[in-house]
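Presented below is the structure to which this report refers.
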Amino acid sequence: MNYLTYLSVWNKLGKTQQQILEESAVKRKFVKGEILHNGSADCTGLILLISGQLRAFIISDDGREITLYRLFERDICLLSASCIMNSIQFDITISAEKDTEALVIPAEVYKSIMEVSAPLANYTNEIMASRFSDVVWLIDQIMWKSFDRRLADFLISEANIEGANTLKITHEAIGNHLGSPREVVTRMLKYFVSEGLVKLSRGMIEITDEYNLLKIAE
């Protein structure tokens, strides 16, 4: 199967451009926890997800992490090819949250076609605008939404992603997603336990009252 057809702009590219992309794209597999891209000095290339799940995040000077967005099947990761965009001035890290299979298009190949193809350039701008919206949404959450609502929203979203109300995730991992210390996450989860919303066990969180947890998130 030609996974490059996942690019919505594929049929608008010329035959030669399609051939160049097909010949340069490399299928790669990444294991859970593997770092695919680490900072602006690392230009991995454009990543097209075939299966699995990726996490894009930034790390503060004191080592705290916060998730910018996550990527799923058929999603495109452009920031892993940030070297082709001079406007990107911050370091982003991308890791595999699950075992992942992806196509990697070399940054220089993608850039060479983007410079002569208006459809691909427009497509690239649309993806960047979408990622920018994700970041603006995140800033809005951090600035204006209380932590109990953010945590409840995260747990509901995670349950939807996994298709189960029992989540295999540590308090530290949640803190990394939300940009909060593990101790803050633990205190809020204990409050949720006291309210009958969740049950806790080692490395596991079970949502026991999804309705009221959703009410908090909203």
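Scan the range 1-44 residue by residue and report those that are in contact (Cβ under 8 Å) with a residue 24 or more places away in the chain and of a type in the set (Phe, Trp, Tyr).
Once the filter is applied, which keeps residues that are in contact (Cβ under 8 Å) with a residue 24 or more places away in the chain and of a type in the set (Phe, Trp, Tyr), the range 1-44 yields TYR3, TYR6, PHE30.
Name the residues in the range 1-50 that are among the hydroxyl-bearing types (Ser, Thr, Tyr) and modelled with pLDDT under 95, would you?
Those that are among the hydroxyl-bearing types (Ser, Thr, Tyr) and modelled with pLDDT under 95: TYR3, THR5, TYR6, SER8, SER40, THR44.
Would you be able to tell me the number of residues in the range 69-81 that are surrounded by 18 or more Cβ atoms within 10 Å (Cβ to Cβ) and not in a loop (DSSP other than H, G, I, E, B)? Walk me through it before giving the result.
Just the residues of the range 69-81 that are surrounded by 18 or more Cβ atoms within 10 Å (Cβ to Cβ), to begin with: 69, 71, 76-81.
Among the residues that remain, those that are also not in a loop (DSSP other than H, G, I, E, B) are: 69, 71, 76-77, 79-81.
Matching residues across the range 69-81 total 7.
Tell me which of these GLY203 doesn't satisfy, since it passes every other one: (1) surrounded by 13 or more Cβ atoms within 10 Å (Cβ to Cβ); (2) in contact with a Lys or Arg (Cβ under 7 Å, 6 or more places away or on another chain).
(1)
Of a type in the set (Asp, Glu) and either crowded, with 19+ Cβ neighbours inside 10 Å or touching a Ser or Thr at 6+ places or on another chain (Cβ under 7 Å) (or both): which single residue out of GLU101, GLU126, GLU115, GLU108 fits that description? First the steps, then the outcome.
Details: GLU126 fails: either crowded, with 19+ Cβ neighbours inside 10 Å or touching a Ser or Thr at 6+ places or on another chain (Cβ under 7 Å) (or both); GLU115 fails: either crowded, with 19+ Cβ neighbours inside 10 Å or touching a Ser or Thr at 6+ places or on another chain (Cβ under 7 Å) (or both); GLU108 fails: either crowded, with 19+ Cβ neighbours inside 10 Å or touching a Ser or Thr at 6+ places or on another chain (Cβ under 7 Å) (or both).
Unique residue meeting the criteria: GLU101.
Taking only the range 169-216 into account, find how many residues are within 28 Å of ASP62 (Cβ to Cβ) and in a helix (DSSP H, G or I).
So the count comes out to 19.
Table: residues versus (1) within 17 Å of LEU68 (Cα to Cα); (2) surrounded by 12 or more Cβ atoms within 10 Å (Cβ to Cβ).
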site	(1), (2)
LEU151	yes, yes
ILE156	no, yes
ASN160	no, no
ILE169	no, yes
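Take the residues in the range 102-134 that are part of a loop (DSSP other than H, G, I, E, B) and farther than 17 Å from LEU49 by Cα; name whichever of them is farthest from the chain's Cα centre (by Cα).
Result: VAL116.
From GLY179, GLY175, grab the single residue that is at positive phi and surrounded by 14 or more Cβ atoms within 10 Å (Cβ to Cβ). Walk me through how you get there before you give the answer.
On the way: GLY175 fails: at positive phi.
Answer to the check: GLY179.
Considering only residues of the range 86-106 that are at pLDDT below 90 and touching a Leu at 6+ places or on another chain (Cβ under 8 Å), which is nearest to LYS15 (Cα to Cα)?
Among those that are at pLDDT below 90 and touching a Leu at 6+ places or on another chain (Cβ under 8 Å), it is ILE88.
Hey, any hits in the range 22-32 for a residue that's touching a Ser or Thr at 6+ places or on another chain (Cβ under 7 Å), assigned to a loop (DSSP other than H, G, I, E, B), in the same structural domain as SER95 (by TED's automatic domain parsing) and among the hydrophobic types (A, V, I, L, M, F, W, C)?
no
The values are calculated or read from the model by the stated rules, or taken from the named source; none is laboratory data. What you see is a predicted model, and the numbers here were worked out from it, not measured in a lab. Counting neighbours? That spans all protein chains shown, and the Cβs are built from the backbone with ideal geometry, glycine included.
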